[in-house]
Amino acid sequence: MSAVICGTGSYAPNYIMDNDRIAELVETNDTWIQERTGIRQRHIAKEETTVYMACEAAKRAVECAGISPEEIELIIVATLSSDVILPCTACEVQREIGAKGAAAFDINAACSGFVIAYNMADAFFAAGQYKTALIVAAESLSHLTDWTDRNTCILFGDGAGAAVLKSVPGKHFLSVTHSDGEKGWALTCKNRLAVEKSGFGREFYIDMNGQEIFKFAVRKVPELIREVLRKNGVKQEEIDWFVVHQANCRILEAVARHIGEPSWKFPMNLQSYGNTSSASIPLLLDEINRQGKLKKGDKILLAGFGAGLTWSGNILEWGI
Ligand code: ACO
């Protein structure tokens, strides 16, 4: 059995913050940000909560799939920025959309979160445990951003994306996930307890060594893509789209160059949303789906990477 996506949805907050607005907060400018990252603007959750965005994306995915919420047996939400510690966001989504009886839990794998949630649902399908799942990724990174730190505040945005998965007979693709805790220091964010214990550092905010993360992504994502292809006996030319975490256009271009693919096979929407961590891949999938770019049977290679450090990939066949 294998997983196919049969519905997608997304939500981006109403408030849009462009680069000029950021230049009023820190010493930077629109040209620098666009040249170094590709980002023109990002959506910021002023009114919306992580749960609200997750629910909106979920409802749109369920509507797109044309199923009733009661059919959903499993809900996994990927987030590093839940509104509260308890209850988990997935249980809030379950209640709000009326997915009575569904198993629901959150995972935190930073920017790899959506791909790892997909891999988990796919593994449940392969084990024969569930046939219909909803996976959601939702982030309010603006609350974890230090708006006086130009290394990070230019990058991040808020939003959510979701997909309904169904288990169908067919080739089962094997996922690849790696982690390197030794490099965890390169991208951190403390909670209240950690700040109280250490008493130093940028309290509660995302702290990042941008160059280290950049080098890690450009080295590991091409390796990840090759490993996913090798493990599944799929030739690179069989892949129609490479949907990669939207962190920086220079990372996407470097990965395309490394594996010898044209950059149009790497769809990109980070210019409008910034880096929305785990939400970036489902936001992009929903966008290209609604633009009619994806055909039934298209093979899509998903690749996520981020804090932890973690990186994860898989292949899916488009099922809509
Ligand atoms: N505006 C203007 N100038 C700046 C800014 C800014 N916002 N930030 C840095 N600079 C300056 C620096 O001071 C430096 O000046 P100098 O040459 O006089 O010393 C110069 O620009 C170059 O700085 P670098 O840090 O080398 O800039 P770089 O080209 O590496 O770009 C960036 C920085 C955009 C952060 C890049 O490293 C990057 O995108 N890294 C990956 C980040 C990422 O993807 N993180 C998320 C991972 S996913 C997750 O899990 C959340």
Inset, instruction - Would you be so kind as to identify which of Asn269, Ala104, Gln129 lies farthest towards the positive end of the dipole of the chain, taking Lys and Arg as +1 and Asp and Glu as -1 on Cβ and the Cα centre as origin? - result: Gln129
Inset, instruction - Run through every distinct alpha carbon pair of the range 56-109 and return the Kirkwood hydrodynamic radius in angstroms, one decimal place. - result: 11.4
Inset, instruction - For Lys235, go through the lysines and keep the ones whose alpha-carbon is under 23 Å away, minus same-chain ones fewer than eight residues off. - result: Lys171, Lys220, Lys265, Lys293, Lys295, Lys296, Lys299
Inset, instruction - Could you list the square roots of 5 times each eigenvalue of the Cα gyration tensor of the range 177-320, that is, the equivalent ellipsoid semi-axes, sorted largest first and rounded to whole Å? - result: 30, 17, 13
Inset, instruction - List the pair-distance distribution P(r) of the range 19-122, using every Cα-Cα distance, as the percent of pairs falling in each 5 Å bin from 0 up to the bin containing the longest distance, rounded to whole percents. - result: 2, 11, 17, 18, 15, 12, 9, 8, 5, 2, 0
Legend entry - Within the range 2-168: Cβ-based charge dipole about Cα centre, in debye rounded to nearest 20 (Lys, Arg +1; Asp, Glu -1): 480
Legend entry - Cβ-based exposure ranking for Trp32, Trp241, in which fewest neighbours within 10 Å come first: Trp32, Trp241
Inset, instruction - Please arrange Val84, Val93 by counting, for each residue, the other beta carbons lying within 10 Å of its beta carbon, fewest first. - result: Val84, Val93
Legend entry - Listed residue (Ile16, Ile320, Ile67) projecting farthest to the positive dipole end of the chain, Cβ model: Ile320
Legend entry - Pairs of Lys in the range 2-168 closer than 18 Å at Cα, counting only those 8 or more apart or on different chains: 5
Inset, instruction - Describe numerically, in nm with one decimal, the distance between label points set 7 Å from Cα along Cα→Cβ at Thr188 and at Glu237. - result: 4.8
Inset, instruction - Place a +1 charge on the Cβ of each Lys and Arg in the chain and a -1 charge on the Cβ of each Asp and Glu, then give the dipole magnitude about the Cα centre in debye, rounded to the nearest 20. - result: 860
Legend entry - Structure-based [θ]222 nm, the chain - -39500 (n - 2.57) summed over DSSP H runs of at least 4, per residue, nearest 500: -10000 deg cm²/dmol
Inset, instruction - May I ask for log10 I(q)/I(0) of the chain at q = 0.06, 0.07, 0.09 Å⁻¹, from a Debye sum over the Cα atoms as equal point scatterers with solvent left out? - result: -0.18, -0.25, -0.41
Legend entry - Neighbour-count order for Val218, Val255, Val168, Val115, fewest beta carbons within 10 angstrom listed first: Val168, Val218, Val255, Val115
Legend entry - Around Phe156: net Lys/Arg minus Asp/Glu count, Cβ-Cβ under 13 Å: -3
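Only the coordinates and a few stated rules stand behind these numbers; no lab work does. Predicted model only: the values in this text are computed from it and were never measured. No Cβ is skipped: glycine too gets one built from the backbone with ideal geometry, and neighbour counts run over all protein chains shown.
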